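This report concerns only the one structure given below.
The values are calculated or read from the model by the stated rules, or taken from the named source; none is laboratory data. As the structure is a prediction and not an experimental result, all values here were calculated from the model. Using ideal geometry, Cβ is built from the backbone for each residue, glycine included, and neighbour counts are taken over all protein chains shown. Heads up: the accessible areas ignore ligands, DNA and RNA and are worked out on the full protein's heavy atoms, side chains in. Shrake-Rupley method; radii C 1.70, N 1.55, O 1.52, S 1.80 Å.
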Amino acid sequence: MNIDHELRDALRRKQAPPDLADRVLARINTSAAPAPRAGHGSSMAMRWLAAAAIVTLTVGGAERYYTQQKAAEAARVQEELRMALQITNDALAVVQSKLSQPADNGGR
Amino acid sequence: MKTLTIVAFALVIPAAASAQDGRLNLSFLDRLADRATEKQEITITPEMLTSASPFVPGGPKGDAARQVMSELRGIYVRSYEFDDPKAYSMDDVNAVRKQLSAPGWRKVISNEEKGRNGEFELQEIYFFQSDGKMGGIFILNAEPGELQVVNIVGPIDFAKLAALGGVLGIPTNLPGIPR
């Protein structure tokens, strides 16, 4: 066989195997799917923990703020109550003083 | 001329049942606030008393104070001092006193003095009773240049009120009231 025949035989069009397309597509799909990463589950847990911590801090802070507001309001009411009783005390003292004075029929 | 009237507590017969409570409308006095040189206007509602009650210190006095606070239905105080001794008139006072003609109110103490130059003094104490139970008190002290009005709503027990005063740091004796 001379060189011309060898070259013509090498370049001759050959029929592709019938399952070539399926095998190529299968290979593409296999390489496109992401490989499972190590530590994916622990990352999700960290996210949930972070969310839980934020919720806990928010609720705790709100509760603390609410308690402080209630205490401040209570202190204000107690101060007003103290003042109200003091004025009541003073008014009753005046009434007592007037009652203890002898009647003055001579006018003022 | 001074007129003094004391109605013995024993003569205060239980009033007929009334839907009204012992609260008076003190808003008629609001117009005096602008003229006053000193004023204290205190409005303590039942809700305020309820919210403050848990913060009262513990102990027997605290327990007594909490009980009083749970029973009271409100405390309303107006106290004014004026530079002008005629800054307010009897009409201003009467706007509030008119309400005391409602069923349930009984005058127990009254002291009235009128001067020649139109000045007047008036001290009065009224009790409100409903179904034979004390439901409120009204204290009025009107002097030239000075006006104090106190309306306490709810069952009044002066001994308990004194206990409340003790917890809040004011003198525990309430003068003028037999204990």
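Numbers below:
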quantity	calculated
Placed amide H near residue B:130: partners under 5 Å, 5+ positions off or other chain	B:135
Against the rule of thumb 2.2 N^0.38 Å, how large the Cα Rg of region B:54-107 comes out	1.80
Residue A:66 paired with residue B:70, simple spin-label distance in nm, labels 7 Å along Cα-to-beta-carbon	2.3
Under Karplus coefficients 6.51, -1.76 and 1.60, residue-wise ³J(HN,Hα) of region A:11-25 in Hz, glycine/proline x	8, 5, 5, 10, 6, 6, x, x, 9, 4, 4, 4, 5, 5, 4
Exposure rank, largest accessible area first [A:65, B:76; 1.4 Å]	A:65, B:76
Residue-by-residue Karplus 3J(HN,Hα) for region B:84-92, coefficients 6.51, -1.76, 1.60, Hz, glycine and proline x	7, x, 10, 5, 9, 10, 4, 4, 4
Distance in nm between pseudo-label sites at residue B:47 and residue B:33 (7 Å out along the Cβ direction from Cα)	1.9
Buried accessible area, chains A and B (both chains, 1.4 Å probe, Å² to nearest 100)	3500
Hits among lysines - C-alpha to C-alpha of residue B:107 under 28 Å, sequence gap 8 or more where chains match	A:98, B:2, B:39, B:86, B:98, B:133, B:160
Shielding by partners, peptide B:52-61 (average Cβ within 10 angstrom, other chains)	3
Sum of side-chain charges, residue B:40 neighbourhood, beta-carbon under 13 Å (Lys, Arg +1; Asp, Glu -1)	-4
